[in-house]
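Each remark here refers to the structure printed beneath this line.
FYI, it's all coordinate maths here, none of it is from the lab. Owing to the predicted nature of the structure, the values given are computational and were not obtained by experimental measurement. For neighbour counting, all protein chains shown are included, and Cβ atoms are generated from backbone atoms with ideal geometry for every residue, glycine included.
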Amino acid sequence: MQAFDYVITLMSFVYALAIAHVLATAGDIIGAWSRVRFSWLNAAWMLFELLAILAWWIGLWGARHAPTWNIANIAELFVLAIILYLEARVICIRVPLDGVVDMQRFHDEESRKYIVIYVVLAAATVGLNIQARGGYQVDVADTIAKNNAVLAMLVLSVAGSIFSSRRGQAAIAIGLFVTWIWYFGTLQGALA
């Protein structure tokens, strides 16, 4: 086992827990559907969380050629993985066994928390993409293009943390959705 394999295994556990939490919540919402006051805005942010986890996991592939991993690099990535997991916990409504599941109220009351965490993660992503790390074999043009997409997500999520109107939130969610399509559709190439 090489250092990358060891590190990616740790991160994968955290990513898997975050994905499991979002999917379990989606399953709970479906199971309680007759009691759900659905919010497509909250559902959109749950989707954005899944896409962010996937992007972070795929993004670590670029570090596979790093000859060594110091504790600072491992700790930095582990803390960011923990933040991804915590965002997954914050973004997902707790579905009670009985009573109304009010996703709209949940989004109105809790969205600022999970959007601010999203802002932190987007800013950290930009920072890590800029940061030069020995041993990484990256395509500079590709990294700049991906950073442009992440910068767009950062700006949109900052706007989402400021503007709380439904129209503003809807426009921001649509913008983020389009940006994720751009990111995965044109910027994220095949792993080789």
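Observations
- On Cα atoms only, tilt of 103-130 relative to the major axis of the chain in degrees: 10 degrees
- For the chain, the longest principal axis of the Cα atoms and the long axis of helix 166-182 meet at an angle of about 30 degrees.
- Rounded tilt (10° steps) of 140-162 against the dominant C-alpha axis of the chain: 30 degrees
- Read-out semi-axes √(5λ) of the Cα gyration tensor in Å, derived from the coordinates shown; its label in (1) 26, 19, 16; (2) 31, 19, 13; (3) 24, 21, 17: (2)
- Sequence-distant contacts, meaning Cα pairs under 8 Å at least 6 residues apart, place the relative contact order of region 3-187 at 29 percent.
- Using the Cβ of M103 as centre and a radius below 14 Å, the other residues enclosed give a net charge of 0, where K and R count +1 and D and E count -1.
- Taking other C-beta atoms within 10 Å as the exposure proxy, Y114, Y6, Y15 rank Y6, Y15, Y114 from fewest upward.
- Close amide-amide hydrogen proximity is noted between V101 and V36, R37, each under 5 Å apart and 5 or more residues distant or on a separate chain (H modeled in the peptide plane; Pro and chain starts excluded).
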